[in-house]
Ligand code: PHE
């Protein structure tokens, strides 16, 4: 390849000066494609030239073809050597005369076949005709000069014998453009203060904007699919008047995560197998006010929770087992965000509305929870929980079912089914199912219920204030939305970052 020409654009203009059109193949045979294209683009954008790209296939000689074009075909060289040796030659002498073993061997065979040579009675090789026509050499010389051959069958035959190869040649047909000139005017890219001051802007030529230029890659970050679906859920909650709960604490005490929700202290969910316990520090302080502004009554609440576990209170008969404060103070990675809902409801109990009673409230959260589970295609040891809570006076179960219908309809999920279920903290409790058209069956989409009176009254909430609660995972709708079957493709070290960057924004099919 030739060294890059400094001013290729002016060379092109000069080459075009006395003709209307030229081929880059003839005029600039040694300039690299990219360099030539760049120069033509520069001229093209100024309308100084127009050009067309021409893709062609050309035949070029392989080293052996080169040799044949120069020295003749193998068989012709054998014939020529024997024609000169009037007495004929032994095979060894022929090889010496030609000086190439392969040429001698191949040429001999071909020359015999063509009946150019024969053996005489002494066993020597002799020429058997006066003259020959070296067709192969002539064909190759044609290819060498014209880069092709008038007969396609010749090209095919030479290619088969590996004497030539075909290669793609890209060239340009270049023509004078409407603004053709021999000099490329310097184009200004910026209007400067100096130009305005001196008046130079009046005569300057400005470079036009290139609207086809691709912008520089910004290497911007990308939102994870889970965060995109979370965004949609948050919007649904906000438009329904919910307030977001602060979920920025992954560690909770057993009290908020379990005891306040009446998960018995010897419940399997509290086992090491199901819950991650913190080893350092191991325990929390007893729930208490963090500062003066915190007017919540923690001690009565603590005592009430203990009383409900041990002997029952607020209409419950209790579990009737000795309740251990130590167990309640153990630190855990929260297993559900209901721990936070509970703390929020406890806070609500200390608030007063215009009527002097705790005001109705709607809370939601979407954040991580942790469960010590065996990891498989659909389970990790952590997931994101979407949780909602509604506190109001005289709520009924029918109201919860109706609310669930409205809530899920907003994300395109209709035709809900409710199945009685059990949570230690809600009564009644319902699992929520929906018919999944893709899977052709009912799938569980959430868990819900009305918080038990002994949970709410223990906090100090009035008995006629009822609270709905429900929870679902963020992962399940995300996996359905993005058609991911293995959760490890969504979270963790095996996630394909290209997938994260490329995936589209999500829109829940709202109705
Ligand atoms: N905590 C429940 C779960 O983890 C969800 C839920 C919240 C159920 C509130 C009822 C009330 O599945």
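So which of 488, 507 ends up being surrounded by fewer than 18 Cβ atoms within 10 Å (Cβ to Cβ), more than 16 Å from the ligand (Cβ to nearest atom) and not assigned by the TED database to the domain that holds residue 381?
Checking each option against the conditions leaves just 507.
Can you spot a residue in the stretch 209-217 that is more than 16 Å from the ligand (Cβ to nearest atom) and surrounded by 13 or more Cβ atoms within 10 Å (Cβ to Cβ)?
no
Inside the stretch 55-68, can you point out the residues that are over 22 Å from residue 169 (Cα atoms) and touching a residue at least 60 places away in the same chain (Cβ under 8 Å)?
Across the stretch 55-68, the qualifying residue is only 68.
Of these, 136, 142, which one is touching a residue at least 24 places away in the same chain (Cβ under 8 Å), buried (at least 17 other Cβ atoms within 10 Å of the Cβ) and part of a helix (DSSP H, G or I)?
Working: 142 fails: touching a residue at least 24 places away in the same chain (Cβ under 8 Å).
After ruling out the rest, the residue left standing is 136.
Does residue 220 fit the bill of being under 34 Å from the mean Cα position of the chain (by Cα) and not assigned by the TED database to the domain that holds residue 384?
The answer is yes for residue 220.
Give me a count of the residues in the stretch 383-399 that are within 20 Å of residue 456 (Cα to Cα) and surrounded by 21 or more Cβ atoms within 10 Å (Cβ to Cβ).
5
Is it true that residue 380 is surrounded by 14 or more Cβ atoms within 10 Å (Cβ to Cβ), at pLDDT 95 or above, within 16 Å of the ligand (Cβ to nearest atom) and assigned by the TED database to the domain that holds residue 461?
So residue 380 fails the test.
Within the stretch 458-485, track down each residue that is under 25 Å from residue 262 (Cα atoms) and more than 11 Å from the ligand (Cβ to nearest atom). Steps first, answer last, please.
Keep residues of the stretch 458-485 that are under 25 Å from residue 262 (Cα atoms), which gives 458-473.
Answer for the stretch 458-485, where residues must be under 25 Å from residue 262 (Cα atoms) and more than 11 Å from the ligand (Cβ to nearest atom): 458, 459, 460, 461, 462, 463, 464, 465, 466.
Looking at the stretch 256-274 only, could you name the residues that are surrounded by 12 or more Cβ atoms within 10 Å (Cβ to Cβ) and away from the ligand (no atom under 16 Å from the Cβ)?
Result: 265, single match.
For every residue, the table says whether it meets (1) in contact with a strand residue (DSSP E or B) (Cβ under 8 Å, 6 or more places away or on another chain); (2) within 21 Å of residue 68 (Cα to Cα).
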| site | (1), (2) |
| --- | --- |
| 104 | no, yes |
| 112 | yes, yes |
| 115 | no, yes |
| 118 | yes, no |
| 125 | yes, no |
| 128 | yes, no |
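Looking at (1) within 12 Å of the ligand (Cβ to nearest atom); (2) more than 41 Å from the chain's Cα centre (by Cα), find the lone condition where residue 395 falls short.
With (1) within 12 Å of the ligand (Cβ to nearest atom); (2) more than 41 Å from the chain's Cα centre (by Cα) applied to residue 395, the lone miss is (1).
Output the number of residues of the stretch 290-320 satisfying the condition of being farther than 21 Å from residue 452 by Cβ and either at pLDDT below 95 or surrounded by 14 or more Cβ atoms within 10 Å (Cβ to Cβ) (or both).
The total comes to 6.
The values are calculated or read from the model by the stated rules, or taken from the named source; none is laboratory data. Just so it is clear, the model here is predicted, and its values are computed rather than measured. All Cβ positions, even for glycine, are placed from backbone atoms using ideal geometry, and neighbour counts span all protein chains on display.
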